[in-house]
1. Within a 10 angstrom radius of the beta carbon, how do Ile185, Ile7, Ile127 rank from fewest other beta carbons to most?
2. Students often forget the sequence filter, so: which lysines lie under 28 Å Cα-Cα from Lys29 once same-chain residues fewer than 8 apart are removed?
3. Which residue fluctuates most in the GNM of the chain (Cα springs below 10 Å): His168, His54, His183?
4. So what is the calculated 222 nm ellipticity per residue for the chain, using -39500 (n - 2.57) for each DSSP H run with n of 4 or more, over all residues, to the nearest 500 deg cm²/dmol?
5. Using the Karplus curve 6.51 cos²θ - 1.76 cosθ + 1.60 with θ = phi - 60°, what ³J(HN,Hα) values do you get for each residue of region 125-138, in whole Hz, with x for Gly and Pro?
6. Identify all lysines with a Cα-Cα distance to Lys251 below 23 Å; exclude those on the same chain that are fewer than 8 residues away in sequence.
7. Given H placed on each backbone N at 1.01 Å, which residues far from Met132 in sequence or on other chains put an amide H within less than 5 Å of it?
8. Sorted by packing (mean other beta-carbon atoms within 10 Å per residue), highest first, where do 219-225, 141-147 land?
Amino acid sequence: MAEKRVILVGCGNMGRAMLEGWLDAGRLKPRQVEVVEPADALRERAAALGVNVHAVADGLPPSGDAIVILAVKPQVIVTVAESYRGFAQAGATFVSIAAGTQVAALEGALGAGTPVIRCMPNTPAAIGKGMMVVYANGQVAPSTLDEVTLLLSASGMVETIDDEELMHAVTAVSGSGPAYLFHFIECLTGAGEKAGLPKETAAKLAMQTAYGAASLAAASDDPPSRLREQVTSPNGTTAAALGVLMGPMGKLVAQAVEAARKRSEELGR
């Protein structure tokens, strides 16, 4: 990426994971990044990566060619954003990774006409396997959106949507989705133990099976439904298990996604 200046506001788990991805992939050089992080320990960890660090935003000269990435919690993002109105007035583009916080709320904090991009990442971004979905308001230049997409792609796949309301569904599917998979691995491990396997063996079987199946689904040209059919022999063991799972699981997953979507809407009000 060209010598664009990036201001990373917040360097907790997600912010640091994204920062490491940008640097490791060569998307940014350390000298291009300014990290603003009030917590001493987190700021020191960021400094160890060679980037410039600050406890507060005071003293950072605003510039219109900067990308300001707000990697803070939804409960404080509007208040934090207000500290960067000078950047907004200079023409900087803002990227928010806060769940539920709408573009209108950020425009209210930064000023009407501010270029704002919303991004919903998920935790696998920490190992470069994330799913990032972005929405940009009408003030974001296409070239800047391309730059931000390239930056985010260091942490995984990037998808763009044109309707901000779909961010609630995105949050429910990919944002919260890793927790659903983690819980399934927990359940499969517990079921293995109940069936008589030693705890460590059950955990290893469950983990590797989930990892291998997901990797196969990602690499295969066949849809998951076809891959499922290939594993399922008529009247076999898998068919017996799916006879228990298929009806209830589909209903439960739909209910879970809907509950998460509704909660995302509530957080955005």
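1. By the 10 Å Cβ count, ascending: Ile127, Ile185, Ile7.
2. Reachable lysines: Lys4, Lys73, Lys129.
3. His183
4. The helix contribution divided over the chain gives -15000 deg cm²/dmol.
5. Calculated HN-Hα couplings, in order: 4, 5, 10, x, 10, x, 10, 10, 10, 10, 10, 10, 6, x Hz.
6. List returned: Lys262.
7. Distant-sequence amide H within range of Met132: Met157, Val158, Glu159.
8. In descending order of packing, they fall as 141-147, 219-225.
We did not get these values from a lab; they are worked out from the coordinates using the rules stated. These numbers come from a predicted model, not from an experiment. Note that we place each Cβ from the backbone using ideal geometry, even for glycine, and neighbour counts take in every protein chain shown.
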